[in-house]
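Everything below concerns the one structure shown next.
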Amino acid sequence: MEHCYLDYNATTPVRVEVKEAVNVALSEVGNPSSIHIFGRAAKATIQAARKSVADLVGADPDCVLFCGSGTEADNQVLRCSNADTVLVSEIEHDAVRLARADAVRIPVDPGGVVDLAALEKALASSHGRVLVSIMAANNETGVIQPIDEIGRLSRKHNALFHTDAIQAAGKIEIDFGSWGVDFLSLSSHKIGGTQGVGALILRDNKLLERFVHGGSQEGGLRAGTENVAGIAGFGAAARVASNSIQDFSALADLRDHLESRLLQIAPQAQIFGKSQRRLPNTTKIATPGLNAEIQVIGMDLAGYAISAGSACSAGKVEPPYVLLAMGVPEELARCAIRISIGWSTKKRDIDGFVENWARLYNRRKCSTP
């Protein structure tokens, strides 16, 4: 049985161009900090990738700081920007949500969009150095946040502004300059690169202290010999993503086809964020009475990879905190699954998924509460 991958928001298949770039880098030797010819060649590989990543988000190459993951990038901003007060939305990824125990959480509306009035109120009452951290697009619902307006409010109140753009990169246009952000996080494996490489885009490197201590790599902000092969792959992925934004936008037709067919089968199902501007590849849907774990396991057995809510230790699956923050009842939240498609997804994949999901639904559905 062939398996169909419909979990792009978790991680993406590695692009062919990335494999080629990684293989070339692995065939060479040299520490980027060495001054001999081999070291200079490794350094040149990193610098070429730096420009490609910068181009993806409309930034200057000097603004790009490579690190070990998107999580590390988020953590460095929240923990090393010397903020006295940190404001985050209720729907942030745990890399932001849990990075500062004292962070003030800003609510979102039922559509999953940050409450701008609540944000401005929190900004007005905050003291000292203030950092706002709100993601560009949610990894669960795909809902896109009003980054321009958040940036305007942050500047109005002299607050620093960070956005986790890890899910948005390669899916929608990003302009670091016009967005008015001070920090922007990226992750290679979300755009077709390898796992274990991230980047932080900085308006001014004086706004941040180092997170990993040791050598003077990455402008003195991230010690440790750079992952040359991974960074080379990141650069290749960024180049492909930059040239494929319109192709990715076209996935909205497949997403809408998927949602239409699922609602025909289960009219009582609820699609979250449907009325909002969303990423073109993401569907978060709950069918009352049909547990998410049953769906994920059942579809895996049928050959389709999807996801549910956030997993924690001891094998327990918690209700998605993103949906709870949107006011979704816990009983319904426990029935929510996420289908996230990508560049290799075809209409036949969607139709096959729907046919198998319909069989699961008809076999395992419970009476609606």
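The values are calculated or read from the model by the stated rules, or taken from the named source; none is laboratory data. On a predicted model such as this, the values are computed, not experimentally measured, just so you know. Note: ideal-geometry Cβ built from the backbone for every residue, glycine included; neighbour counts use all protein chains shown. Only protein heavy atoms, including side chains, enter the accessible area calculation; ligands, DNA and RNA are left aside. Shrake-Rupley method; radii C 1.70, N 1.55, O 1.52, S 1.80 Å.
Things to note:
- Within the accessible area of the chain (1.4 Å probe), percent carbon and sulfur: 51
- Listed by chain and number, the lysines whose C-alpha is less than 21 Å from the C-alpha of LYS284, apart from same-chain residues fewer than 8 away, are LYS171, LYS190, LYS274, LYS316, LYS346, LYS347, LYS365.
- Averaged per residue, the stretch 228-282 has 41 square angstrom of accessible surface, using a 1.4 angstrom probe with ligands and nucleic acids left out.
- Electrostatic dipole magnitude of the chain [Cβ: Lys, Arg +1; Asp, Glu -1; Cα centre; debye, to 20]: 220
- Nearest-20 debye value, the stretch 184-296 charge dipole, Cβ charges on Lys, Arg, Asp, Glu: 200
- For the stretch 39-113, the per residue solvent-accessible surface stands at 37 Å², with DNA, RNA and ligands left out and a 1.4 Å probe.
- Peptides 269-277, 121-129, 337-345, 96-104 ordered by packing proxy, namely the average of other Cβ atoms within 10 Å per residue, highest first: 337-345, 269-277, 96-104, 121-129.
- Distance between modelled label sites at SER216 and ASP253, nm, 7 Å Cα→Cβ extension: 5.4
- Other residues with beta-carbon under 14 Å from the beta-carbon of ASN227 carry, at +1 per Lys or Arg and -1 per Asp or Glu, a net charge of -1.
- Cα lying deepest toward the dipole's positive end in the chain, options PHE211, GLY112, THR194, charges on Cβ: THR194
- A Förster distance of 51 Å, applied to the separation of the beta-carbon atoms of ALA358 and GLU28, puts the FRET efficiency at 0.50.
- Within the listed set ILE201, ILE46, ILE37, the residue fluctuating most in the Gaussian network model of the chain (springs between alpha-carbon atoms under 10 angstrom) is ILE37.
- Options VAL18, THR45, MET1, ranked by Cα towards positive dipole end of the stretch 1-61, top entry (Cβ charges): THR45
- Positive minus negative residues near ASN9 (Lys, Arg vs Asp, Glu; Cβ under 9 Å): 0
- Sites ASN82 and GLU173, calculated FRET efficiency, Cβ-Cβ separation with R0 41 Å, nearest 0.05: 0.85
- Restricting the stretch 1-93 to GluC sites (Glu not before Pro) in coil, as DSSP defines it, with at most 12 other Cβ within 10 Å: GLU2
- About the centre of its Cα atoms, the stretch 57-152 shows a dipole size close to 260 debye [charges on the beta carbon of Lys, Arg (+1) and Asp, Glu (-1) only; nearest 20 debye].
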